[in-house]
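The values are calculated or read from the model by the stated rules, or taken from the named source; none is laboratory data. For clarity, every value in this text was computed on a predicted model and none was experimentally measured. Note that we place each Cβ from the backbone using ideal geometry, even for glycine, and neighbour counts take in every protein chain shown. These area figures cover heavy atoms from the full protein model, side chains too; ligands, DNA and RNA do not enter into them. Shrake-Rupley method; radii C 1.70, N 1.55, O 1.52, S 1.80 Å.
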Amino acid sequence: MEKNYRAELVGVFGDPVDGNPTGVMEEAAFAACGLNYRYLTLKVTKDDFDDAMKAIHAFHMRGMNLTMPHKISVLPYLDEISEAARIIGAVNTIVVKDGKLFGENTDGKGFVQALNNSGVSPEGKRIVILGAGGAAKAIAVECALAGAGMITVMNRTAERAQELAGVLRAHTKTEALAAAFPARAAIPEDTDILINATCIGLHPDSGQKPDIDYDTVRAGMVVSDVVFNPAETLFLQEAAKRGAKTVNGLGMLACQGALNFTLWTGVEAPLDVMEDTLRREFEQ
Ligand code: NDP
């Protein structure tokens, strides 16, 4: 049999991108599965984005991740887009199929997968989301598509919360509300799932936590954080002290990476390898 020395290429375009940990977990997963794939972490400025998109075809790449500032500007380059990515209005993953570019958003899907892996389903649940940025929108849309009963969006900038609630009402069957996010915000008693989808608590600001009244977090709630470094944020620690079940952002990141891995390779992802790799990476 002829040898093939050519690696299959995937990666990420972003700016800034130096601190993006995705390549470490994807490379570990390729190695664990014996796949000759390489994940390239590439700095691509807004001005160079068009050239970078042409390179996907020129290098016969299998796919790509997109991070800031390219998740929206990629839309005109795509041949097809998933329903969730269309509603979210942003794409973080491209899969190349027969030279055509398919756009997906795996941020929210990774979140729902991590919840499911903890034995929790969003179906019929009353969910409160802190934040209304890109992560919040992806999570809210996927939870709604998974049958969430009610989603309340609380955000520092009220207009963004209203806009996200409006998107949910327009495109999904889930009831959606925007609520104020005052200091020491009380979490409604009937909340089933509380999610921090802001960047508060992310390394190196791991001493911070969202300004809510933690005594309104109940033992029956599931509390989740998108912040993945540190994995056990102060937000989750405070919730755990009140007896809530916690689901961390590291699991979400690994699940999102695993979904991308399978989209690109067609192979089941070694989720445990990916999660362990991230954990080791952040402990350094
Ligand atoms: P955005 O910049 O789009 O949104 C940030 C959100 O946080 C906004 O709602 C913003 O409110 C809010 N916020 C920021 N600072 C404060 C503050 N001091 N007080 C109150 N609210 C605040 O960011 P993203 O949505 O893209 O990312 C958010 C986090 O999600 C990041 O930490 C990112 O690393 C993480 N993430 C994790 C993933 C995972 O797999 N675990 C995947 C994707 C993202 P306002 O609108 O008022 O500015």
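Overview of values
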| quantity | calculated |
| --- | --- |
| Enumerated strands (runs of 3 or more DSSP E) restricted to segment 1-81, each holding at least 3 residues that are over 20 Å from ASP107 (Cβ atoms) | 37-43 |
| Of all residues making up segment 1-39, the number that are of a type in the set (Ser, Thr, Tyr) and at pLDDT below 95 | 1 |
| Candidate set from segment 207-223 (those that are more than 9 Å from the ligand (Cβ to nearest atom) and surrounded by fewer than 15 Cβ atoms within 10 Å (Cβ to Cβ)); member that is farthest from ARG126 (Cα to Cα) | GLY207 |
| Hey, PHE59 surrounded by 18 or more Cβ atoms within 10 Å (Cβ to Cβ), aromatic (Phe, Trp, Tyr) and at pLDDT 95 or above or not | no |
| Of residues in segment 10-37 being hydrophobic (A, V, I, L, M, F, W, C) and open to solvent by 40 Å² or more (accessible area, probe 1.4 Å), the one nearest to MET64 (Cα to Cα) | VAL24 |
| Failed criterion for LYS71 (all others in (1) open to solvent by less than 10 Å² (accessible area, probe 1.4 Å); (2) under 15 Å from the mean Cα position of the chain (by Cα); (3) within 26 Å of GLN162 (Cβ to Cβ) hold) | (1) |
| Any hit, segment 179-201, residues being among the small types (Gly, Ala, Ser), surrounded by 15 or more Cβ atoms within 10 Å (Cβ to Cβ) and not in a loop (DSSP other than H, G, I, E, B) | yes |
| Hits in segment 91-116 (condition: of a type in the set (A, V, I, L, M), touching an Asp or Glu at 6+ places or on another chain (Cβ under 9 Å) and within 16 Å of the ligand (Cβ to nearest atom)) | VAL91, VAL112 |
| LEU40 being free of Cβ contacts under 8 Å to residues at least 60 places away in the same chain, open to solvent by less than 80 Å² (accessible area, probe 1.4 Å) and closer than 21 Å to TYR5 by Cα | yes |
| Answer from ARG169, ARG218, ARG156, ARG160 - the residue that is touching a Phe, Trp or Tyr at 6+ places or on another chain (Cβ under 7 Å) and among the basic types (Lys, Arg) | ARG156 |
| In segment 127-160, residue nearest to CYS255 (Cα to Cα) [restricted to those that are away from the ligand (no atom under 14 Å from the Cβ) and buried (at least 24 other Cβ atoms within 10 Å of the Cβ)] | CYS143 |
| For GLN284: the one exception among (1) open to solvent by 70 Å² or more (accessible area, probe 1.4 Å); (2) at pLDDT 95 or above; (3) of a type outside the set (Gly, Ala, Ser); (4) away from the ligand (no atom under 16 Å from the Cβ) | (2) |
| Selection count where residues are in contact with a strand residue (DSSP E or B) (Cβ under 7 Å, 6 or more places away or on another chain) and under 18 Å from ASP192 (Cβ atoms), scope segment 132-164 | 12 |
| Selected residue (criterion: most open to solvent (accessible area, probe 1.4 Å)) from residues of segment 224-279 that are among the polar types (S, T, N, Q) and touching a strand residue (DSSP E or B) at 6+ places or on another chain (Cβ under 9 Å) | GLN237 |
| Boolean, ILE193 is of a type in the set (A, V, I, L, M), in contact (Cβ under 8 Å) with a residue 60 or more places away in the chain and away from the ligand (no atom under 12 Å from the Cβ) | yes |
| Residues (without any contact (Cβ under 8 Å) to a residue 24 or more places away in the chain and under 20 Å from the mean Cα position of the chain (by Cα)) located in segment 140-181 | ALA165 |
